[in-house]
């Protein structure tokens, strides 16, 4: 038997047809493709290294049942067709579908899934190969590239922000990781940590609809100008309403709400404010205090910390502020590592 590792999906299918594929599974141990072997009851007989690595959120694949581990990744119709393929030989014992697999410690994996007989000479087949083609990064790149274009356009509108959005990205992700480590909020999982950084960067994308003379005005805004400025939260929520993760809209709409209900645009208070928005609010204000703007000087880290702590229980969530204080040194480090370039007079 030729045990040369197939280089693509078609190669694996051809290898199965040429069979027999031995139950030792040795040809697939070092395959770059995540591969499972299952029996007719869909019990996992073998998971190769690539599969174990891809699905790190599960303690053990081999010996478990495929439906128990991956059932939630498919819709009911796909599960039914998968069973019919294995038990009744639907479509010649071949099946393909798509899956979204995640756990608390593993970010969502989006994958094309292929099932075919491990040995073409057995009818009905006794074992099946299930192979995953991970398309997570490909899909993520396509999705984010569209919204990155909007982000770049909004940056061109506001020429005084420097690396603000980069730093808010890092602060927000840093705080989410600490909250995850402490297990303080069940909602915070690997996906939350991965997504909040990028989506925090988009928090002011709604400013693309703010008139330039208001956005870049030197000095304080008048009452009517301030009313127009505050609309960037609603504009941002509208722009990001098509993003698959609702966190995008939550951050854009609510990052200026305050714990005591005196923020905008809807005067939400306490835990009515989405968690991601409460995190980004701290990150955004900290960085705004550290930045030099056309209307203010930059504050040092200690001064910025003091001003934020004055907002405990009024502007900011007290529990989140406790976490912020414990990792304040990381915020300062991230600011120093991502400083704006010095202005040239």
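The values are calculated or read from the model by the stated rules, or taken from the named source; none is laboratory data. Predicted model only: the values in this text are computed from it and were never measured. Neighbour counts are summed over all protein chains in view; Cβ atoms, including those assigned to glycine, are modelled from backbone coordinates with ideal geometry.
For this structure, a couple of remarks:
- Matching residues in segment 309-345 - criterion: being in contact with a strand residue (DSSP E or B) (Cβ under 7 Å, 6 or more places away or on another chain) and surrounded by 13 or more Cβ atoms within 10 Å (Cβ to Cβ): 321
- The lone criterion from (1) buried (at least 23 other Cβ atoms within 10 Å of the Cβ); (2) farther than 27 Å from residue 332 by Cα left unmet by residue 214 is number (1).
- For segment 149-165, the condition of being out of contact with any strand residue (DSSP E or B) (no Cβ under 9 Å at 6 or more places or on another chain), buried (at least 16 other Cβ atoms within 10 Å of the Cβ) and more than 22 Å from residue 254 (Cβ to Cβ) holds for at least one residue.
- Looking at segment 73-140, the strands (runs of 3 or more DSSP E) lying wholly inside it that each contain 3 or more residues that are over 20 Å from residue 38 (Cα atoms) sit at 106-117.
- Selection status of residue 103, closer than 24 Å to residue 139 by Cβ and modelled with pLDDT under 90: yes
- From 88, 151, residue being in the same structural domain as residue 207 (by TED's automatic domain parsing) and free of Cβ contacts under 8 Å to residues at least 60 places away in the same chain: 151
- Applying the set (1) assigned to a loop (DSSP other than H, G, I, E, B); (2) under 28 Å from residue 245 (Cβ atoms); (3) in the same structural domain as residue 27 (by TED's automatic domain parsing) to residue 63 leaves exactly one unmet item: (2).
- Per the conditions (1) touching a helix residue (DSSP H, G or I) at 6+ places or on another chain (Cβ under 7 Å); (2) assigned to a helix (DSSP H, G or I); (3) surrounded by fewer than 22 Cβ atoms within 10 Å (Cβ to Cβ), the sole criterion not satisfied by residue 245 is (2).
Results for (1) more than 23 Å from residue 55 (Cβ to Cβ); (2) surrounded by 14 or more Cβ atoms within 10 Å (Cβ to Cβ); (3) more than 14 Å from the chain's Cα centre (by Cα); (4) without any contact (Cβ under 8 Å) to a residue 24 or more places away in the chain, shown as yes or no for each residue.
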position	(1), (2), (3), (4)
93	yes, yes, yes, no
108	no, yes, no, no
129	no, yes, yes, no
188	no, yes, no, no
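- Check on residue 219, outside any helix (DSSP H, G or I), at pLDDT below 95 and out of contact with any helix residue (DSSP H, G or I) (no Cβ under 6 Å at 6 or more places or on another chain): yes
- Note on segment 255-305: among residues that are farther than 17 Å from residue 232 by Cβ and modelled with pLDDT under 95, the one that is surrounded by the most Cβ atoms within 10 Å (Cβ to Cβ) is 291.
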